[in-house]
Amino acid sequence: EQAFRESYINIIGNSTDPLARFEGWMILGRSAIEEGISLRYLFNALDEVKDSRHYKEQAEAYQELSYHYSQKNHANQLKYALLSVELAEQSGDIRQMTGSWKELGTAYYEDPESKYVDQALDAYNKARTLLTDKLRIQQFDIRSPESLHYMEILVTIGSIYLTKNQPRDALDSFEAALRIATANRFTDTQAFCHKELGILYQNMRQYSKAESHYLTAERLMEAYPLHT
């Protein structure tokens with residue numbers, strides 16, 4: 001693996017195209033995103049485009065930097081997520097704007113002191129609006145990356161509404177996410193949505209509905225190889 005990586009780095013260095021070098025460094029950074037070495041690769045990618053008008057690429061690099069710092073350093077996670085949104089908005093690229101707003105929502109939501117719940121909801125709703133209004137994502141676009149992002153956004157929005165004790169809004173979000181998960185046969189997400197719906201109905205004292213959702217989640221997880 002080390003020999004392959006060194007060979008790949010040599011190829012990147014020999015390229016005369018800064019965007020090609022950017023993509024090369026980004027691939028390396030993503031491949032080692034949980035490791036400290038990924039920072040070197042991601043900052044190398046950023047150096048290739050930061051003094052240019054390649055705002056989309058800059059936003060993409062900052063998005064990955066934010067993701068790298070998730071669960072490690074919240075201040076940096078939030079710092080780079082904010083920069084990603086700023087550059088994405090300058091780029092005007094809808095898909096990058098969606099990804100950047102989603103990453104910012106994650107950074108706000110993962111604050112260890114839960115200080116930014118409202119900001120997280122606002123960021124996720126911006127990402128959702130971009131998907132539905134600009135890209136016109138339909139809920140049953142089987143296997144499309146945008147549909148998957150939409151489902152993830154809905155799941156997290158539902159969790160935020162659950163935290164904020166807004167059961168009706170949470171219910172709508174989880175049911176919408178469940179429809180996508182079911183259409184795409186995402187077993188783990190189906191089980192998670194049924195579990196969350198069980199909690200919602202239990203809190204609403206609708207115990208038979210809660211039991212039904214809990215049992216469905218249990219049944220789905222029995223056939224799922226990763227018992228998360």
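Tabulated results
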item	result
Cβ-Cβ FRET estimate between residue 90 and residue 164, R0 fixed at 25 Å, reported to 0.05	0.20
For the range 40-158: rounded, prolate or oblate by the Cα gyration tensor [a/c cutoff 1.5]	oblate
Angle in degrees between helix 74-91 and the longest Cα principal axis of the chain, rounded to the nearest 10	80 degrees
Listed residue (39, 70, 54) projecting farthest to the positive dipole end of the range 1-99, Cβ model	70
For the chain: relative contact order, % (alpha-carbon pairs under 8 angstrom, 6 or more apart)	10 percent
Karplus-derived HN-Hα couplings along the range 116-121 (A = 6.51, B = -1.76, C = 1.60, θ = phi - 60°), whole Hz, x at Gly and Pro	10, 4, 5, 5, 4, 4
Residue-span extension gain [residue 119 to residue 223] - 0.36 nm each, minus C-alpha spacing	33.7 nm
Normalised contact order of the range 1-98, rounded percent, pairs of Cα under 8 Å and 6 or more residues apart	21 percent
Contour minus Cα-Cα distance for residue 53 and residue 16 (0.36 nm per residue)	11.5 nm
Summed side-chain charge close to residue 224 - residues other than residue 224 whose Cβ falls under 12 Å, Lys, Arg +1, Asp, Glu -1	-1
When each of 79/164; 56/115; 50/134; 56/195; 126/195; 115/195 is checked by Cα-Cα distance, pairs over 32 Å	56/195
Solvent-accessible area, 1.4 Å probe, carbon plus sulfur percent, for the chain	49 percent
Computed E for residue 215/residue 110 - FRET, C-beta separation, R0 35 angstrom, nearest 0.05	0.70
Residue among 215, 39, 130 with the largest mean-square fluctuation in a Gaussian network model of the chain, springs linking Cα atoms under 10 Å	215
Magnitude of the charge dipole, the chain, Cβ model with Lys/Arg +1 and Asp/Glu -1, debye to 20	520 debye
Neighbour net charge for residue 193 - beta-carbon separation under 11 angstrom, K R +1, D E -1	-1
Peptide ranges 165-173, 6-14 listed from the most packed, as the mean C-beta count within 10 angstrom indicates	165-173, 6-14
Where labels lie 7 Å past Cα in the beta-carbon direction, separation of residue 34 and residue 204 in nm	3.8 nm
Solvent exposure of the range 47-180 as accessible area per residue, Å², 1.4 Å probe	48 Å²
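The values are calculated or read from the model by the stated rules, or taken from the named source; none is laboratory data. Bear in mind the structure is a predicted one, so any value in this text is a computation, not a measurement. Cβ: placed from backbone, ideal geometry, glycine included. Neighbour counts: every protein chain shown. Please note that ligands, DNA and RNA were not included when accessible areas were found on the heavy atoms of the full protein model with its side chains. Shrake-Rupley method; radii C 1.70, N 1.55, O 1.52, S 1.80 Å.
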